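Step one of this worksheet: look at the structure below.
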Amino acid sequence: MIEIKELGKSFGERVAVDCLSLKIREGEFFALLGSNGAGKTTTIKMMSGLQTPTSGDIKISGESIFSNLQEAKQMMNLSPQETAVAPNLSVKENLEFTAKIYGRDKKEAASRAIEMMEKFGLTDRSKTKAKTLSGGLQRRLSIAMAMITKPRIVFLDEPTLGLDVRARRDLWNILLGLKGKMTIILTTHYLEDVETLADRVGIMHNGKLCALGTTNELKEEYQKHSLEEVFLYVTEDLEVFV
Amino acid sequence: MSSLHLASRNQKEILRDPISLVFGFGLPIVLLLLFSIMQQNMPYELFQIEQLAPGIIVFGFSFLTLFSGMLLGKDRGSSFLMRLFASPLGAKDYIIGYFLPMLPIALLQIVICLIAASFLGLSINANSIVALLVLLIISVLFISFGLLFGTLFTDKQVGGIFALFVNLTAFLSGVWFSLDLIGGAYKAICYLLPFVHAVDAAKAAFEGKYQSLGGSLLIVTSYSVVIMGIAITVFRKRMSS
């Protein structure tokens, strides 16, 4: 269980995340939605230990991640917004490298790389340099690098950004296959991704968590037919009244 | 151990880039050849191989600045560094991981240039071994500059800054001409910077003039420590923010 308690982050006068409280269950696929600058990426960065909050705390199984950050980092991994791969390393080398920096030995890193390549459909590209892969395959590799350490919690920051329809569908299928095996926290602008993949959704706006629930619960609560309508209603309302 | 995995990855990134190989290893050899040919047609001795080779090896180190700066800048720009920051790697792992792989590259540069220079008449003897060690120490200065640039700037900016840096290295180091030819304030400024001291130290080592080697090498080492210290401080600051 991840427990976020009154989390806040300010950059000078600008408040990026404002008193965010949230509980995410073990094995849940949780989607964090919001317009640009809503505070999603800052939240993810704090949850993954990349940024220190100005206030509040994040606990995993009751332990603050900031009390032993190195230990907390061992059980997390992330796939950043941009495809973060080593361009001159092959697919296999990228995967093995990630496993090794998380402390896995050579043999284990190699066997996990094979497992990930099979899972993400990259086996036939094993020796291909990452920079020569298509955008879709690079994205798959980037996510496979996040998964190879078998994290308890994985953060996917806009994983389908810039992918064509086919690549996006392929990635959905892979992510659906991982559901329940680890806690997945996804940020995206694509509401279709959320409706297909997520167990629960949180909508952020101006650094605040404005709505929380399953897509059906949110549609019911706001009396809307689609998640898009809910999203527009929640964020528009706040823009008018805040 | 994780730092060695990062070092290995960084070395592969550099050595698998054909442009790095052409410029880093090829250009110093081309320059050695060109200036040696020019010397053959000159009525006076300006580019003797004993004077030329140490200078060109030091000049070639400016590509270490480019390699290390570009790699770090690119990793920052592509979010690869963010991925690393999310991993359990500690600050010392980054320092070792980005610094260590540059040393074998520097060694390779030195050896390739020495082999080329030996074909052009440079005698290889016991002094050459000392010179090799001195040059390795000098290479730390250029690696430190690269790490500082990569920490402060993006890979595209590093490219632009390198153009300026390589010119500074060329003109303020006395590689291509004796600073006594100009003298005055220009020479004084050159001697405030580390580049001419690096060339002087390399030349002294090749010539076996160990008394004059110490002073120059001390200045170069001091600069290396300061530049590396700044790079580490800025990097740690960026890591925590």
Report, in debye and to the nearest 20, how large the dipole of chain A comes out about its Cα centre when Lys and Arg carry +1 and Asp and Glu carry -1 on their Cβ. 1220
Give me the dipole magnitude in Debye, nearest 20, for the protein assembly as shown about the Cα centre, with unit charges on the beta carbon: positive for Lys and Arg, negative for Asp and Glu. 920
So what's segment B:67-126 giving for Rg/Rh, alpha carbon basis, Kirkwood Rh from the mean inverse pair distance? 1.24
Before anything else, pin down the relative contact order of segment A:82-150: Cα pairs under 8 Å, at least 6 apart, normalised by residue count, whole percent. 47
Show me, bin by bin at 10 Å from 0, the whole-percent P(r) of chain B based on Cα pairs. 8, 32, 35, 19, 6, 1, 0
Give me the number: length gained by fully extending B:LYS237 to B:LEU46, i.e. 0.36 nm times residue separation minus the C-alpha to C-alpha distance, one decimal in nm. 64.1 nm
Multiplying the sequence separation of A:GLU220 and A:PHE66 by 0.36 nm and subtracting their Cα-Cα distance, what value in nm do you get? 51.7 nm
With θ taken as phi - 60° and the coefficients 6.51, -1.76 and 1.60, list the Karplus ³J(HN,Hα) couplings across segment B:213-222 in order, rounded to whole Hz; mark glycine and proline as x. 5, x, x, 5, 5, 5, 5, 4, 5, 4
Cα extents of segment A:82-150 per principal axis, largest first, Å, are 29, 21, 18
For B:84-95, mean number of other protein chain Cβ atoms within 10 Å: 5
How large is the Kirkwood hydrodynamic radius of segment B:1-131, in angstrom, based on all distinct alpha carbon pairs? 16.4
For the protein assembly as shown, percent of DSSP beta bridges that are antiparallel (nearest 5) comes out at 50
Of the listed pairs A:LYS119/A:LYS181; A:LYS5/A:LYS224; A:LYS23/A:LYS45; A:LYS73/A:LYS181; A:LYS59/B:LYS237, which have alpha-carbon separations greater than 20 Å here? A:LYS5/A:LYS224; A:LYS59/B:LYS237
Two decimals is fine: what's Rg over Rh for segment A:182-242, C-alpha atoms, Kirkwood radius as Rh? 0.95
In terms of the ratio Rg/(2.2 N^0.38 Å) built on C-alpha atoms, what value belongs to segment B:143-191? 1.40
What would the Debye formula give as log10 I(q)/I(0) at q = 0.27 Å⁻¹ for the alpha-carbon point model of segment B:161-241, no solvent? -1.26
If contacts are Cα pairs under 8 angstrom and at least 6 residues apart, what is the relative contact order of chain A in percent? 26
If you build the convex hull over the alpha carbons only and average its shadow over all orientations, what do you get for chain A? Give it in nm² to one decimal. 13.3
Listed residue (A:ILE65, A:THR128, A:PHE155) projecting farthest to the positive dipole end of chain A, Cβ model: A:THR128
Looking at segment A:107-242, what % of the alpha carbon pairs are farther apart than 19 Å? 56
Given just the C-alpha atoms of the protein assembly as shown, how large is their convex hull per residue in cubic angstrom? 171
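Read the figures in this text as sums done on the coordinates, not as results from a lab. These numbers were taken from a predicted model, which means no experiment stands behind them. In this analysis, Cβ positions are derived from the backbone assuming ideal geometry, glycine residues included, and neighbour counts consider all displayed protein chains.
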